[in-house]
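Structure record follows, encoded as structure tokens.
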Amino acid sequence: MSGIRLNQITLGAIDMAASVLFYQSLGLILIVDSAPRYVRFEFPPPPEGGAPATLSLQSVEKGWRDADSSALIYFEVDNVDDFLKDINILPLNPPITQSYLWREADITDPSGNRIRIYAAGDNRRFPPWRVK
């Protein structure tokens, strides 16, 4: 089985501009700016090397907490299809290659928390639309 890695967490943002400023003030680096719909930050590189984790924000309305817009945890694998076969868990949706160049499928934990299993290769940190 391929190793599993935490890549990012996606959170809802009611006021995207205020949220961007908040996370930048914490030292996160803006790498995708599709505001007001979506932004993505990269954490500073870990001292031991390797790729830093990322945090994404998606625009939501007040009272947004429902099954489709709550926090979403991303676990990166080398091959989504092989990984799902190895763990023998049926995804909520068949794996699909998205327009943003990631192959992904969602599963849930026993409490119903969504986990996105995905493979992105170089497009994880260096998509064609990266701003820095």
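Computed from the coordinates by the stated procedures, all read-outs in this text should not be read as laboratory data. These figures come from a predicted structure and were not determined experimentally. Heads up, the Cβs are rebuilt from the backbone with ideal geometry, glycines too, and the neighbour counts pull from every protein chain shown.
What spacing in nm lies between the two simple spin-label points modelled at Asp106 and Arg125, each 7 Å away from Cα in the Cβ direction?
Placing both labels 7 Å beyond Cα along the Cβ direction yields 2.8 nm.
Could you work out the local net charge near Arg116, counting Lys and Arg as +1, Asp and Glu as -1, over the other residues with Cβ closer than 10 Å to its Cβ?
So the surrounding residues net to -2.
Hey, got the dipole for the chain? About the Cα centre, +1 on K and R Cβ, -1 on D and E Cβ, debye to the nearest 20?
My answer is approximately 300 debye.
Could you check the simple spin-label distance between Leu55 and Ile29, using points 7 Å along Cα→Cβ, in nm with one decimal?
Roughly 1.6 nm, to one decimal.
Taking square-rooted eigenvalues a ≥ b ≥ c of the alpha carbon gyration tensor, is the range 72-132 rounded, prolate or oblate, where a/c under 1.5 means rounded and, failing that, a/b exceeding b/c means prolate?
Prolate, because a/c is 1.5 or more and a/b exceeds b/c.
When all C-alpha to C-alpha distances in the chain are sorted into bins of 10 Å, what percent of pairs does each bin hold, rounded to whole numbers?
Histogram of Cα-Cα distances, whole percents per bin: 12, 41, 36, 12, 0.
Considering Cα pairs under 8 angstrom that are at least six residues apart, work out the relative contact order of the range 14-115 and quote it in whole percent.
16
By the scheme Lys and Arg +1, Asp and Glu -1, what is the net charge of all other residues having a beta-carbon under 13 Å from that of Leu84?
Neighbourhood net charge equals -3.
Can you compute the helix-only [θ] at 222 nm over the chain? Use -39500 (n - 2.57) per DSSP H run of at least 4 residues, normalise by all residues, nearest 500 deg cm²/dmol.
So the helix-based figure for the chain works out to -4000 deg cm²/dmol.
Give me Val32, Val131, Val80 sorted ascending by neighbouring Cβ count inside 10 Å, so fewest comes first.
Val131, Val32, Val80
What is the Rg over Rh value, at two decimals, for the range 10-69, using alpha-carbon atoms and the Kirkwood definition of Rh?
1.03
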